[in-house]
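Here the structure comes first, spelled out in structure tokens, and everything after it is commentary.
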Amino acid sequence: MVSTLSLALLWLQDPSAADPSAAAPSASGGSALLEMIHNSGPVAFAVLILLLLCSIFSWSIMLSKWSSFGKAETQSKRFLRAFRKSGRLGEIATVSDQFKPSPLVSVFNEIHDEYQRQSGGRGLPRNPVALDRAAQTASSEALTVMERRMTWLATIAAIAPFIGLLGTVMGIIDAFHGLGASGTATLRAVAPGISEALITTAAGLVVAIPAVVGYNQLTARLREFGSRMDDFGRELLNAIENAAMVSPPAAQDDRRQPEEQRRREF
């Protein structure tokens, strides 16, 4: 779509395109399409320019999202390997910035900070519900950042066919108006105008179809990231509770030993 409309703009700007002898050797379907775009009315041409801008914008969103999601997925796998290999939260907290594109890092930092505020990083957390809420908040914030500009992609996918249909309707109106003014009610007289008008509908579909596919694929990947963040939040809470259940008994035994010795001595 982008290449076709770019060639159309060059066709309008190139003086040699108006020479019939220059266009004679390339009398193919592509040249006929360019000729119809060249002969389009001002409304149809404005619609094509608008659809061209929408196409460029939607493709820029999709390419940037696919790139950022790929980096986030790679860093998430690396962060999970480092987290499961290490047995201390403090070690993970010091190297978490290395995996920053991963949304799991924000979940870890939020839970770790809340755990530090509650118990100083030792023992059982005083309020496990607060840790769960911190994980949900971090997951929601990370998804909000990753969903940025996705609404534009959905909007373009929804309105592009209607924009093309608007250009088609206006082109058909112009064709029938010219037919009524000329007074020749033949198919040969009305067919060129209708075919030129239908180009905008085709252009709208060409813009909308990739946007719909890209939006659905990106939305599915966002759901996967959301599930991974929820699973990681629960895994981190379990790791904190398991580590706290192991360490306090030893400390309690150390405190009980002097008491038992004093009782024996007494």
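Hey, among the residues in region 202-220 that are surrounded by 20 or more Cβ atoms within 10 Å (Cβ to Cβ) and more than 17 Å from the chain's Cα centre (by Cα), which one's nearest to ARG148 (Cα to Cα)?
Checked region 202-220; the qualifying residue nearest to ARG148 (Cα to Cα) is GLY204.
Which of the residues that make up region 160-178 are crowded, with 18+ Cβ neighbours inside 10 Å and among the β-branched types (Val, Ile, Thr)?
ILE163, THR168
What's the number of the only condition in (1) in a helix (DSSP H, G or I); (2) farther than 14 Å from GLY233 by Cα; (3) not polar (S, T, N, Q) that PRO125 fails to meet?
(1)
Please go through (1) open to solvent by 20 Å² or more (accessible area, probe 1.4 Å); (2) closer than 19 Å to ALA93 by Cβ for PRO128 and return the number of the only condition it doesn't satisfy.
Result: PRO128 passes all but (2).
Filtering region 146-157 down to residues that are touching a residue at least 12 places away in the same chain (Cβ under 8 Å) and in a helix (DSSP H, G or I), which residue is farthest from TRP59 (Cα to Cα)? Even if it seems obvious, please write down each step before you answer.
Filtering region 146-157 down to residues touching a residue at least 12 places away in the same chain (Cβ under 8 Å) leaves 146-147, 149-150, 152-154, 156-157.
Among the residues that remain, those that are also in a helix (DSSP H, G or I) are: 146, 150, 152-154, 156-157.
On the way: MET146: 17, MET150: 12, TRP152: 11, LEU153: 9, ALA154: 12, ILE156: 11, ALA157: 11 Å.
This residue is MET146.
Test ALA239 against the criterion of being aliphatic (A, V, I, L, M), at negative phi, outside any helix (DSSP H, G or I) and modelled with pLDDT under 90, and give yes or no.
Against the criterion (aliphatic (A, V, I, L, M), at negative phi, outside any helix (DSSP H, G or I) and modelled with pLDDT under 90), ALA239 does not qualify.
I need the full set of residues from region 97-119 which are among the small types (Gly, Ala, Ser) and surrounded by fewer than 20 Cβ atoms within 10 Å (Cβ to Cβ), in order please.
SER106, SER119, listed by residue number.
Name every residue in region 131-159 that is within 23 Å of ARG234 (Cβ to Cβ), surrounded by 14 or more Cβ atoms within 10 Å (Cβ to Cβ) and hydroxyl-bearing (Ser, Thr, Tyr), in order of residue number.
THR137, SER139
Taking the condition of being assigned to a helix (DSSP H, G or I) and either more than 28 Å from the chain's Cα centre (by Cα) or of a type in the set (Lys, Arg) (or both), how many residues in region 84-111 meet it?
8
If a residue has to be open to solvent by less than 90 Å² (accessible area, probe 1.4 Å), closer than 29 Å to ALA239 by Cα and of a type in the set (Val, Ile, Thr) to count, how many in region 49-95 make the cut?
Within region 49-95, residues that are open to solvent by less than 90 Å² (accessible area, probe 1.4 Å), closer than 29 Å to ALA239 by Cα and of a type in the set (Val, Ile, Thr) number 3.
The values are calculated or read from the model by the stated rules, or taken from the named source; none is laboratory data. Fair warning: this is a prediction, and the values are worked out from it, not measured in the lab. Every residue, glycine among them, receives a Cβ derived from its backbone with ideal geometry; neighbour counts consider all protein chains shown. The area values use the complete protein model at the heavy-atom level, side chains included, leaving out ligands, DNA and RNA. Shrake-Rupley method; radii C 1.70, N 1.55, O 1.52, S 1.80 Å.
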